[in-house]
Amino acid sequence: MPLSVLRVPAQSLTEARNRAPMAVLSIRMIGDPILRTPAAAVTDFGPELARLVEDMTETMIDVEGAGLAAPQVGIGLQVFTYRVDGVEGHVVNPVLETDGASQGESDVEGCLSVPGLGSYVDRTRWARVTGKDAAGQDVVVEGTGMLARALQHETDHLRGTLYIDRLAGEDRKNALRAIRSADYNRVTSRTAAQRSLTLGSSFTPGAATARGAGPTGAFGRATR
């Protein structure tokens, strides 16, 4: 059965700015066209961009994610936030470099826009992104392990790529089969309903940790 998705138009920064004040944003789910649309480069480094970064950071923390890209909250711009092992920040217009051996099956990778699923994804051990911060200043973020995985995952989002696109063989077949099932429609609906409880606030209730079963967030971290 095909995945049923509520089609919500992408927002401009001005529309996002004019919405009712909120800190926690709604996360788009797989099937939403904006997740498959390459994001545009940011050209205006003003207060609207700063507000977007603040709201994305609040949203990422609320759902206990390791990262969040602007298309995931309905904004088609090259911006992502990250929060891994105490390192937190954001990058605008990132350019990704990767090197080194594969991380192998070091950690389960999931996605806030593909709730309830997770799999091993082939990522390099080292990654670096260069770009700008919300004020237009140069920024460089470099890391290995989980941070490298996050940088690669979020940059993929800005290209219209989801982690499931990098799966192969039985892992890919199983993921696509799960997404097409009627049960997965219930998973996405339940996840959206749970997340909606904190929209507009920075309140973060406790989330149950799950790995290999139940809801998993970005890179296998617990989320709602």
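The values are calculated or read from the model by the stated rules, or taken from the named source; none is laboratory data. All figures in this text were calculated on a predicted structure; none of them were measured in a lab. So basically every Cβ, Gly included, is an ideal-geometry build from the backbone, and we count neighbours across all protein chains shown.
Quick notes on this one:
- So LEU151, is it over 19 Å from THR198 (Cα atoms), buried (at least 16 other Cβ atoms within 10 Å of the Cβ), touching a Leu at 6+ places or on another chain (Cβ under 7 Å) and not charged (D, E, K, R): yes
- Test: VAL79 is of a type outside the set (Ser, Thr, Tyr) and at pLDDT below 95: no
- Residue, surrounded by the fewest Cβ atoms within 10 Å (Cβ to Cβ), within the stretch 126-144, restricted to residues that are among the aliphatic types (A, V, I, L, M) and touching a helix residue (DSSP H, G or I) at 6+ places or on another chain (Cβ under 7 Å): VAL141
- Among the residues making up the stretch 71-101, a single one is over 14 Å from LEU147 (Cα atoms), among the polar types (S, T, N, Q) and in a strand (DSSP E or B): ASN93.
- THR98 being of a type in the set (Ser, Thr, Tyr), modelled with pLDDT of 95 or more and within 17 Å of ALA39 (Cα to Cα): no
- Among residues of the stretch 131-158 that are among the β-branched types (Val, Ile, Thr), those with a beta-carbon under 6 Å from a residue that is surrounded by fewer than 20 Cβ atoms within 10 Å (Cβ to Cβ) at least six positions away or on a different chain give the pairs VAL139/ASP133; VAL140/THR130; THR144/ARG125; THR144/TRP126; THR155/LEU96.
- The set of residues in the stretch 159-171 being basic (Lys, Arg) and in contact (Cβ under 8 Å) with a residue 60 or more places away in the chain consists of ARG159 alone.
- Every residue from the stretch 106-148 that is within 30 Å of ALA193 (Cβ to Cβ) and not in a strand (DSSP E or B): ASP107, VAL108, LEU112, SER113, TYR120, VAL121, MET146
- Residues of the stretch 21-30 that are surrounded by fewer than 19 Cβ atoms within 10 Å (Cβ to Cβ) and either modelled with pLDDT of 95 or more or closer than 19 Å to LEU162 by Cα (or both): SER26, ILE30.
- Selection count, the stretch 35-70, where residues are outside any helix (DSSP H, G or I), at pLDDT 95 or above and among the acidic types (Asp, Glu): 1
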